[in-house]
Every structure is written in C-alpha cells, then in structure tokens.
1. Tyr124: open to solvent by 30 Å² or more (accessible area, probe 1.4 Å), touching a Leu at 6+ places or on another chain (Cβ under 7 Å), closer than 25 Å to Gln355 by Cα and among the hydroxyl-bearing types (Ser, Thr, Tyr), yes or no?
2. Kindly indicate whether any position in segment 374-389 is assigned to a strand (DSSP E or B) and either modelled with pLDDT under 75 or within 29 Å of Tyr114 (Cα to Cα) (or both).
3. Can you tell me which residues in segment 149-159 are touching a helix residue (DSSP H, G or I) at 6+ places or on another chain (Cβ under 9 Å) and open to solvent by 70 Å² or more (accessible area, probe 1.4 Å)?
Amino acid sequence: MKLSLTLLASAIGFTAAKKNPFAPKVTRNTAKAQMNSKLMAGAKTLRRLDGDEEQEVDLSGYSIKFEKCQFVKQYDADEDGGGDENTDTILSTKRFVIFRMCPDSSCSSCNYNYGEYIVDMDTYLEAALGYKEEVQEQYCETCNECYEKAAEAAEADDDAAEEDEDAYKCQNMDTSSCYAECQNIENMEENGYMDASEFTECQQLDYEDDYGNVYYAGAMCASSGSRIKIGIFTDEECANYDETKDIENYMKNDDGYNMKLSYHLLKQTFAEGECVASCLVEDEEQNQDENNGDDEQEVEVNEMCEELYEAAGKCESSHGFEEGIVDYDNYDNQVRNEELVCDFISSLKAGHYDQTGEIVVSGGRTTLGGGSSTSGGQKFALTFFILGSVGLAGYAAMLHSQLTKGAKADLSRQGGAMA
C-alpha cells in the first residue's frame, strides 16, 4: 500500500511538471514509477463525442473549492538509486492540495456531480494567487473610479451623472467600505505588514543567528490541512519545519523594523465552507449588452480553472461528475489511473500523515527516517507483555522445582524398599 501511494505521488508530480512550467521537478525512482507516470500523462482533458469530433470539458458551470493541504514524506532517489549527495536524508517532502470542482448551485454542500482533484501545492498557489491578485487589482481599480465619480457627482447636476456610460459598474459597489479596504492594501507596508503571499515560495530569510545558522520561509499546511500558512524551515527546500520558531519574529523591513504578516490575499485561496473561485468569467460589459438585447456571446472559463484541471490528478466517475471524461483512446489505462488517484486522495483525507508529512500509525507517529515514538497505549501494552513474560517464567521455574523434588522423593523410597 505504501509503495503504491509513493508511486502515485510521483506520477501526479510528473504530470504537473510536464504541463505546468511552475511545477517542481520530480525524480523518477523506479521502472514502475515511470510506468505510472506515463499512465498519468495519458489522461486527457477532452470529452470525445464521436469519430474525429472532440469537445473540451465544459467547466463554466463549476467552481473551485479548496478541500485540504497535505505534506507527504517519501523515498526520493536518482535513477542510479542514490540520494542527493548534498543532503543527509533519502526522503523528500511532496506538497499536495486537494480541491473539488463543484456545481455553482451547490458550492456549500458539493455532495454530487463534482470532481475531486489533487495537484502539487506550488501549482495550486501559483494559479490561485495569480487569479486572486488580478481580481483584487480590478476590484480596487473599479472602487477608486467609483469613489472619484461619487465625489464628482456630489458637485455636479443629475444630467451629467446620467450621461456616464460606465455608471452600471458602481451600482453594487459600496465606495465607503471598499475604498478603506483598498487603501489598507495599498499602504500595507507603511502600516507594518508584509504580504504573506510573497513568501509562499521557499526563500532564505535575511537573518543569521550567533552560530551562523540561516532559516527559510515557505508555505506549509496548518490546522489539519484546512489552512495554508507561512512557516520557518531549516533547509533550502523548506522540508524541515521548525515548530519552535514564529515567522513574525523574523520579519523585518529594509529599515530593520519588525513587521507582521497579512493573510488578506493568501487566505482567499483556502476559503472555508465556500468556493474559492467561479470558473465562469463574468464580463460586466457583456452582461450589459445582453440586458440591452444584443446577441449572446461565447462563455469564457478563467485560466485558474483551466490550469488546475489540466495539471491535476482526477477522481471524477465515483462522484458523478457530469462533465468528466466519458471516452478515451486507452480505456484500461485511464481506469487504473483514476483508481490510483482516488485511493491516494482517500489516504490523504483519512489522516494517515501528520502536518510535516510523516506517516501516522494507530495514534502514534512513525517516522520514515527510522526513529519512532510510541503512544500511551503502546507503552501500556509493552509493559503488560514484559511483566506477563516475567510472571510466566517464574511460574515455569516453580513448576520445574516441584517436579524435580517429587522425582527425587520417589527415587529415595524406591531405594529403601529394594534394600
């Protein structure tokens, strides 16, 4: 079971790396891992209708919902079977994000007609943060325009306000609240904050202790995988998390002043109980044209959904995903691939790994590096069996002594009778 999970993790990473330039490189460990990688690479994002006619999967009626973040430590070696000579471990840390494609009408429940997917964390954050940053910029740009127009309208007559063709953009905009929010974002550093989204990629901090040790900041899973936060690591790959240190104690600006982290943007990528983003691109100008009776235009899907769907391992058929793949060139390979993905996702959701990616067994934590720590129940059982073994050994010695004495007494009586 552990071997199959490791192979699938490598396969998922290989697919993402092939299709996404931002995905981390993945080492191919064995011939079987290479085979599984080819199976994953064979997954198509097309829904074949008949003959040569093909149609792309329609995601316009779906939204992305973050489900879980999880680290996984696994064996990682080069093709010659040896580890990296610059490290003292043969383990590597893989970072995964599980998300769903939920129907827009049931984003909160999302219990049927959905797809479940897994992708590496770097790919997910690259796509999600890029989308959220663009939305934030457009939101503040519109807010500032509406704020200025409101100020101008207060000094102008009603006729001038009616001549504004873009007035519809401000109909649902609360200029008082949005302006204050956007000013806080724009003046974040002056207010003593740094954007946490700028530290999602592993990077060295501008700090060195008295012993010459340096530390690194990077994204990590928190709160049993329900959140993503910035943590401190002791290595340049951000694999060894240092839980004794608080990231905000090492945040300083160019002038040397302490800073705090703002999760305003990053927290939007793991919204709890709601969807992160709708795949349908809503064009206000297009909606305005439709209201005016103009011809209906072709729907557009945002790049975040397209990129994540293409890069992710897919588990669709078991959840009734109506827009999923229904026919493909290699049916057997695709079925086996989807079963591996579904099994791997289930293992991550079942809590088989802790926050740092080590395997959790029966309430205790068994490290992949060879060390182990036992739980209270395991210690009690071990003590019980040791004491039981000692007791049985004592009882066996007592029986042996009694049998030996009885045999000697019988021989003495037999000797006297013969005399």
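The values are calculated or read from the model by the stated rules, or taken from the named source; none is laboratory data. Quick caveat: nothing in here was measured; it's all calculated off a predicted structure. For neighbour counting, all protein chains shown are included, and Cβ atoms are generated from backbone atoms with ideal geometry for every residue, glycine included. Heads up: the accessible areas ignore ligands, DNA and RNA and are worked out on the full protein's heavy atoms, side chains in. Shrake-Rupley method; radii C 1.70, N 1.55, O 1.52, S 1.80 Å.
1. Against the criterion (open to solvent by 30 Å² or more (accessible area, probe 1.4 Å), touching a Leu at 6+ places or on another chain (Cβ under 7 Å), closer than 25 Å to Gln355 by Cα and among the hydroxyl-bearing types (Ser, Thr, Tyr)), Tyr124 does not qualify.
2. The answer is no; no qualifying residue exists.
3. The one that is touching a helix residue (DSSP H, G or I) at 6+ places or on another chain (Cβ under 9 Å) and open to solvent by 70 Å² or more (accessible area, probe 1.4 Å): Glu152.
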